[in-house]
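What follows is calculated from the coordinates using simple rules that are stated; it is not laboratory data. Treat the numbers as computed from the prediction; the structure is a model and nothing was measured. All Cβ positions, even for glycine, are placed from backbone atoms using ideal geometry, and neighbour counts span all protein chains on display.
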Amino acid sequence: MMRKVYEILENDARLTPKQVATMAGLPEAKVKKVIAEAEKEKVIVKYKTMINWEKAGDDRVWAMIEVKMQPQKDVGFDSLAQRIYRFPQVRTLYLVSGTYDLSVFVVGKTVQEVGLFVSQKLAPLDGVQGTVTHFLLKRYKEDGEVLSPGGEDKRQPLSI
Amino acid sequence: MRKCTTGRLDKVPPSGIRRFFDLVAGMEGVISMGVGEPDFSTPWNITEAAIRSLEQGFTMYTSNAGMPELRQELAAYLKRTYGLEYDPNTELLITNGVSEGLDLAVRAILDPGDEVIMPDPGYVAYPAAVLLADGVPVQVPTHCENGFRLSGNDVRDAVTSRTKAILIGYPANPTGAVMEMDKLAEIADVAEKRRLLVISDEIYSLLVYDMQPACFACLPGMKDHTILLGGFSKAFAMTGWRIGYAAARREIIAGMTKIHQYTALSSPTMGQVAAIEALRSGEAEAQRMIDEYDRRRRVIVKGLNDIGLSCFEPKGAFYAFPSIKSTGMTSEEFAENLLMEEKVAVVHGNAFGPSGEGHVRCCYATSMPNIEEALTRMARFVQRHRSV
């Protein structure tokens, strides 16, 4: 039941509890309660809007940086990860398996600004063994949404 | 000049929506709730499997009954979903959608003048297919008050010495009605006592809400007397691939296959490959679509009731079938006026049989913003016409 509510809101955060209640087939009061609890427990972290910034004419530079680290005694990767995600330039940070440890998404005004962030802030951190920077060239799909969808309904307007 | 087409065609009335099709085709900004297919594209893994098969050169005919691999997957699917065991070699046939399956079924079992009992309103192809097979459709009225279910008593009353079969299609187009197992059992009881076959069109079987799919052939003793028709079009959003199937006892499938081999030869090969992928790994995507239909269903049913078009709760398919009697219009007037005044396309209920009069079919296989906008326009329309 809670999952139903979360899924509906994840797809459209603007919906009112009344609309969510209709879609989920639940009483409105119940939906309000589920939402309030989820907000309190930070299951619902935030309500936000997905913007296609490229289309909006924004020319910021995004990069995905692979970071290889030395795990630290007792705290593993968490302490270093925390030091990294506190930088406002860091928009997303994941611990991943494979040939590197952290996947860091960084945004800046220019390639140079992102480059400087990596060389002056990220790479010198204790525990960071190496970085590889990939600049984002084009976004095709994000969070399940195709950013330039094919569009029009290809169905016949009426059919039995 | 000598008439060049068969008199059999004259028995089939022209399609009721043809005129609307022409009207809609020339209009801009129409929100269509008049379609009978999903608005989703086929899940990519299914499409991709077909593309790969084309690259590998699978462009030839398959065996008449369909690819053995598909029939095996289908047998496994029917077993795990309904506990039904069909021999993939002799009891399953892959068809060009349920449409062909229906045509094959009636042609395989009917002699001229044989009667087939069916619900009214019902899918438009039911009476047409029977007429084209020289049979006689016997439409049994169903009503909103009974959730548009076919009642065992009504079917019993319609049986004559010429009745050969009962044709049911639940979840139903156009009403969205479903028949629970106990209701289906009433039909089974008549079929058993009067030794009738049952053709069960279960194309919408997976599209049910707040209930489990019900399969007629699961009823005790019914498997041998049922021609189960199913397909991939609706649940897997594969209408254009034209793949369906028939499951029945050996002699019926043999008869249907005989017609199929001379009239269709085999079903599209790439579609069959796609269907294999759908059965192997399409269920999660199908469920995602079903969940979305369910949300839309709740919104449209509430919305229609709120604007004064009373609508019983459809538990299956993707249609709502509200009553438009409060407007004082016939269903054709309602559909035409709504289209011309508010650019919302719905299908008039009498296109599906006389008992569909007083209702319109609204397909909710369209986006939530479209549904909301359509409801806003319909509310305006109803308000305007009620005050007249």
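Using θ = phi - 60° in the Karplus curve 6.51 cos²θ - 1.76 cosθ + 1.60, the 3J(HN,Hα) couplings for the stretch B:372-379 round to 5, 5, 4, 5, 4, 5, 5, 4 Hz; x is entered for Gly and Pro. For B:Thr90, no residue has an amide H sitting under 5 Å from its own, ignoring neighbours fewer than 5 places away on the same chain, with H placed 1.01 Å from N.
Compare the peptides A:55-67, A:139-151 by average per-residue count of other Cβ atoms within 10 angstrom and give them in order, highest first. Display every interim value, and only then the final one.
On the way: A:55-67: 14.3, A:139-151: 9.5.
Order by mean packing, descending: A:55-67, A:139-151.
For the stretch B:1-60 and the stretch A:97-128, what is the separation of their C-alpha centers, rounded to whole Å? That distance is 54 Å. If R0 is 25 Å, the Cβ-Cβ spacing of A:Asp143 and A:Asp78 corresponds to a FRET efficiency of close to 0.50.
How many partner chain Cβ atoms sit within 10 Å of a residue's Cβ in peptide B:21-34, on average, as a whole number? Don't skip to the end; give the middle numbers.
Details: counts 5, 1, 2, 3, 3, 0, 1, 0, 0, 2, 1, 6, 1, 5.
Average per residue, whole number: 2.
Think of each Lys and Arg Cβ as +1 and each Asp and Glu Cβ as -1; about the Cα centre, that makes the dipole of chain B roughly 480 debye. Ellipticity at 222 nm from helices only: DSSP H runs of n ≥ 4 in chain A, each -39500 (n - 2.57), divided by the residue count, give -8000 deg cm²/dmol. Would you work out if the stretch B:247-388 is rounded, prolate or oblate? Take a ≥ b ≥ c from the square roots of the eigenvalues of the alpha-carbon gyration tensor; rounded if a/c is under 1.5, else prolate when a/b is larger than b/c, oblate otherwise. Since a/c reaches 1.5 and a/b is larger than b/c, the shape of the stretch B:247-388 is classed as prolate. Taking amide H positions as modeled 1.01 Å from N, with prolines and chain starts lacking one, the residues under 5 Å from A:Leu147 and 5 or more places away or on another chain are A:Lys141, A:Glu142. Once both labels are positioned 7 Å from their Cα atoms along Cα-to-Cβ, the gap between A:Lys40 and A:Met1 label points is 1.6 nm. For B:Thr95, the residues whose modelled amide H falls within less than 5 Å of its own, excluding neighbours fewer than 5 places apart on the same chain, are B:Gly244, B:Tyr245, B:Ala246.
By per-residue mean of other Cβ atoms within 10 Å, what is the highest-first order of B:57-64, B:250-257, B:229-236? Present the calculation step by step, with values, prior to reporting the outcome.
Working: B:57-64: 12.0, B:250-257: 18.8, B:229-236: 26.1.
Answer by packing, highest mean first, reads B:229-236, B:250-257, B:57-64.
Label 7 Å along Cα→Cβ of B:Lys325; the stretch B:340-375 residues with amide nitrogen under 14 Å? Under cut-off, by backbone N: B:355-360.
Do you know the relative contact order of chain B, to the nearest whole percent, from alpha carbon pairs under 8 angstrom that are 6+ apart?
Values: 747 pairs, mean separation 90.4, N = 388.
Relative CO of chain B lands at 23 percent.
Peptide A:20-27 has a mean of 4 when you count, residue by residue, the C-beta atoms of other protein chains within 10 Å of its C-beta.
Over the stretch A:61-138, calculate the relative contact order: mean separation of alpha carbon pairs under 8 Å at least 6 apart, over the residue count, as a percent.
Working: 125 pairs, mean separation 36.9, N = 78.
RCO, the stretch A:61-138: 47 percent.
Going from the residue with the fewest nearby Cβ atoms within 10 Å to the one with the most, A:Lys42, B:Lys325, B:Lys315 rank A:Lys42, B:Lys325, B:Lys315.
Compute, for chain A, the length of the dipole vector about the Cα centre, with Cβ point charges of +1 (Lys, Arg) and -1 (Asp, Glu) only. Units Debye, rounded to 20.
Values: 25 positive and 21 negative charges, 72 e Å.
Here the size comes out at about 340 debye.
Note on B:Ala185 and A:Ser97: the model spin-label points, each 7 Å out from Cα along the C-beta direction, lie 5.0 nm apart. Model label sites at B:Glu341 and B:Thr90, defined 7 Å from Cα along the beta-carbon direction, differ in position by 6.2 nm. Length gained on full extension, B:Ser161 to B:Arg19, computed as 0.36 nm times the residue gap minus the Cα-Cα distance: 47.3 nm.
In sequence order, the stretch B:211-223 has phi-based couplings of 7, 8, x, 10, 10, 4, 5, 6, 5, x, x, 8, 4 Hz under the Karplus curve 6.51 cos²θ - 1.76 cosθ + 1.60, θ = phi - 60°, and Gly or Pro positions carry x.
Once fully extended, how much extra length lies between A:Asp153 and A:Lys55, figured as 0.36 nm per residue of separation less the alpha-carbon to alpha-carbon distance? Show your work: numbers first, answer last.
Working: separation 98, 0.36 × 98 = 35.28 nm, distance 2.21 nm.
Stretched fully, the A:Asp153-A:Lys55 segment lengthens by 33.1 nm.
Across peptide A:148-158, the mean count of Cβ atoms from other chains lying within 10 Å of each residue's own Cβ comes to 5. Sequence-ordered 3J(HN,Hα) estimates for the stretch B:255-268 from the Karplus curve with 6.51, -1.76 and 1.60 and θ = phi - 60° stand at x, 5, 5, 4, 5, 4, 5, 8, 10, 10, 6, 8, 7, x Hz, glycine and proline given as x. Length available on full extension from B:Met1 to B:Glu69: 0.36 nm per residue minus the Cα-Cα distance, which gives 19.3 nm.
The helix-only estimate of mean residue ellipticity at 222 nm for chain B, built from DSSP H runs of length n ≥ 4 each weighted as -39500 (n - 2.57), is -13000 deg cm²/dmol after division by the residue total.
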